[in-house]
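Quick notes on the structure that follows.
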Amino acid sequence: MPPSLPDTETIASPPHPTVAKSTMRRAVLAGVIGNYTEQYEFAVYAAMAPVLATVFFQTDNPTVGTLSVYAGLALGFLIRPLGGFIFGRLGDTVGRKKILSLTIILMGLLTTLIGLLPSYASIGIAAPLLLLLIRLGQGLAAGGEYAGAVSFIVEYGPSHQRARYTSFVSISVFAGLLTGTGLTFALSELLGDDAMHDWAWRIPFLIALPMTVAGFYIRRAVEETPEFRRQKALEAELAEQHSEDVPATGILETLRTQWKPILVFSGFAMTNAVLSYSWTAYIPGYLKDKQGLTLGLSTLSTSIALLAILPLLYLSGRLSDRIGRRKMLIAGTVTPLFIVPLSFTIVSQGGFGNAVIAQLIYLVPLFFIAVTTTCCIAEMFPTRLRYTAGSIAFNLAFCIFAGTSPFIASALVEQTGTIMSVAWYICAISLVSLVVVLAFYRETYRKDLAADDYNDTPAVGQRGV
């Protein structure tokens, strides 16, 4: 157990400085650019699953090949908690900006490497092994990206508009997914399936390189967050007043003091994870393999829904700032119980039109839960532990439930013969999250981010206001 922190009663936290709108815009752009790049790659990998299955895995069974690709997807998620530990700790120590600049470079270079990999036909078993190794590296870097981006934006933004500005992080998720699926559709329609299986699959991965370079320079041009600088100034003042260093905030202290909010966050974030990735990572492949749509039409239907959700997420952030996080989370965990079965009933009827209608209906629970969950990453943890604790909490939920969603969905449909089995799986997860919100989540939307810098009372344990 780390030594006790110095008494802080005589130390007054300086007020959060007012940030100019132009600075806030640059901070938002710097925060979201890496996450956009990450989600772009994820969408390309997921939409290309039927193609990558034939390029990297030698099998006569298309389902086995697709499952192998999805296993690589899950593997990248499963290692994210380790990345969260490493980069989260560094982010709380040396700053958000430096670590976010590092993670975007790592993710971008590894994505580019996928586009340069030889196929199974060229180098045999080494091809899928290299692909899986790169997925591990991507997962490690991604583990420190999302929570860091959220912390960066929230620590810049005004307290009464945190969800509004954080909504751009959620928008970057779906914008990246839209770009990836949209580009896959365009290439498939323009070049045809033969070219896609032969060489054109590499193009979307190689495009990640210029995106990465641009993102790196955008992040390098923005200053460290005012909240992090305030926190470091407070630590320096404490050290000077007490003639001793402020104890380091390590992983063990984070787990000791923040384990309750970490578990609570993961408890409701898992619904967001399953909702998002069962849809974006599995449905395009399902429409192609089970409903007979072309790769182009299946990705087009998903792209239409992704385009529709972008403005809705901004409105969701504004609503969350007005009515609070708790009401939004309750709505986000109740609506899947009837929306998801309805959506999947429609999509199971087949046809492009039904696919579009079903996915537009599916957006309802995501409207309520996506932005609010994202904002809670920052609001539920103190500044000195925010990057580390937020990374652990986010990755705990998403490594288990997001990365495995397409694999589980595919396996359930193969075993039961119906996509409704996936709907009941999502409903079960949502029901658990609803219980967590009602029993353990305490409202955070008016919380002062500096209030508990040296107060380890977790943001859980009471009913919301």
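The values are calculated or read from the model by the stated rules, or taken from the named source; none is laboratory data. As the structure is a computational prediction, the values presented were derived from the model and not from experiment. All Cβ positions, glycine included, derive from the backbone under ideal geometry; neighbour counts span all protein chains shown. The protein model used for the area step is the full one, side chains on, heavy atoms only, and it has no ligands, DNA or RNA in it. Shrake-Rupley method; radii C 1.70, N 1.55, O 1.52, S 1.80 Å.
Evaluated at 20 °C with a viscosity of 1.002 mPa s, what Stokes-Einstein diffusion coefficient in µm²/s does the chain have when Rh comes from the Kirkwood expression over alpha-carbon pairs? All intermediate terms of the calculation are to be shown ahead of the outcome.
Values: Rh = 22.3 Å.
Rounded, D is 96 µm²/s.
Using only protein heavy atoms and a 1.4 Å probe, report how much of MET211 is accessible, in Å² to the nearest 10.
Counting only protein heavy atoms, the figure is 40 Å².
Could you derive backbone 3J(HN,Hα) for region 200-205 from the dihedral phi with the Karplus parameters 6.51, -1.76 and 1.60 (θ = phi - 60°), listing whole Hz in sequence and x where the residue is Gly or Pro?
Rounded to whole hertz, the list is 5, 4, 6, 4, x, 5.
Mind jotting down the three principal axis lengths of region 366-422 based on Cα atoms? Whole angstrom, largest first.
49, 22, 10
Kindly state, to the nearest 0.05, the FRET efficiency for LEU255 paired with LEU307, given R0 = 45 Å and r defined as their beta-carbon distance.
Here the calculated transfer efficiency is 0.65.
Using only the alpha-carbon atoms, what does region 402-450 span along each of its principal axes? Please give whole angstrom values in decreasing order.
Cα spread of region 402-450 along its principal axes, largest to smallest: 51, 20, 11 Å.
Region 341-455: percent of C-alpha pairs farther apart than 18 Å?
63 percent
Apply the Debye scattering formula to region 104-146, with a single equal point scatterer on each alpha-carbon and no solvent, then give log10 I(q)/I(0) at q = 0.23, 0.29 Å⁻¹.
The Cα Debye sum returns log10 ratios of -0.72, -0.95.
Rank ILE207, ILE134 by accessible area, highest first, at a 1.4 Å probe radius? Numbers along the way, then the final one.
Working: ILE207 60, ILE134 15 Å².
The most accessible residue leads, giving ILE207, ILE134.
May I ask for the angle, rounded to the nearest 10°, between helix 162-191 and the longest principal axis of the chain, with both axes built from Cα atoms and the value confined to 0 to 90°?
With rounding to tens, the tilt is 20 degrees.
Could you give me D for region 20-83, from Stokes-Einstein at 25 °C and 0.890 mPa s, where the hydrodynamic radius is the Kirkwood radius over C-alpha pairs? Units µm² s⁻¹, please. It would help to have the intermediate numbers written out before the result.
Details: Rh = 13.9 Å.
Once the numbers are plugged in, D ends up at 176 µm²/s.
Pick out, from ALA53, MET270, ALA121, the residue whose Cα sits farthest towards the positive end of the charge dipole of the chain, with +1 on the Cβ of Lys and Arg and -1 on the Cβ of Asp and Glu.
Farthest towards the positive end: MET270.
Hey, what do the phi angles of region 343-348 turn into as Karplus ³J(HN,Hα) couplings, whole Hz, using 6.51/-1.76/1.60 and θ = phi - 60°, x for Gly and Pro?
4, 6, 5, 5, 5, 6
Tell me the volume per residue, in Å³, of the convex hull enclosing the alpha carbons of region 137-292.
Numbers: hull volume 28.4 nm³, N = 156.
Dividing the Cα hull volume of region 137-292 by its residues yields 182 Å³.
How many percent of the alpha carbon pairs in region 56-119 exceed a separation of 17 Å? Mind dumping the intermediate values first?
Values: 1183 of 2016 pairs.
Percentage above 17 Å: 59.
In square angstrom, what is the accessible area per residue of region 315-369 with a 1.4 angstrom probe?
Numbers: 2010 Å² over 55 residues.
Spelled out: the 1.4 Å probe surface of region 315-369, per residue, equals 37 Å².
Accessible area of the chain with a 1.4 Å probe: how many percent of it is carbon plus sulfur?
On the way: 11290 of 17270 Å².
Using a 1.4 Å probe with all protein chains present, the chain comes out at 65 percent carbon and sulfur.
Suppose R0 equals 51 Å. What FRET efficiency, 1/(1 + (r/R0)^6) with r the Cβ-Cβ distance, do MET420 and ARG25 give to the nearest 0.05?
On the way: r = 44 Å, r/R0 = 0.87.
Calculated transfer efficiency: 0.70.
Check the chain and count each lysine pair with an alpha-carbon distance under 20 angstrom, considering only pairs eight or more places apart or from different chains.
On the way: LYS21/LYS97; LYS97/LYS232; LYS98/LYS232; LYS260/LYS447; LYS327/LYS447.
Within the chain, the lysine pair count is 5.
If contacts are Cα pairs under 8 angstrom and at least 6 residues apart, what is the relative contact order of the chain in percent?
Details: 810 pairs, mean separation 118.4, N = 465.
Across the chain, relative contact order equals 25 percent.
Taking a probe of 1.4 angstrom, what is the accessible area of LYS327 in Å², to the nearest 10?
Looks like 130 Å² after rounding.
Against the longest alpha carbon principal axis of the chain, how many degrees, from 0 to 90 and to the nearest 10, is the axis of helix 325-334 turned?
Compared with the principal axis, the helix lies near 30 degrees.
Helix 251-277 versus the longest principal axis of the chain: what angle, 0 to 90°, nearest 10, using Cα atoms?
Between the helix axis and the principal axis of the chain, the angle is about 30 degrees.
What accessible area, in Å² to the nearest ten, does a 1.4 Å probe give for THR345?
60 Å²
Per residue, how much accessible area does region 113-256 have with a 1.4 Å probe, in Å²?
Values: 5870 Å² over 144 residues.
Each residue of region 113-256 exposes 41 Å² on average to a 1.4 Å probe.
How large is log10 I(q)/I(0) at q = 0.13 Å⁻¹ when the Debye formula is applied to the Cα atoms of region 252-332, each weighted equally and without solvent?
Rounded to two decimals, the profile gives -0.63.
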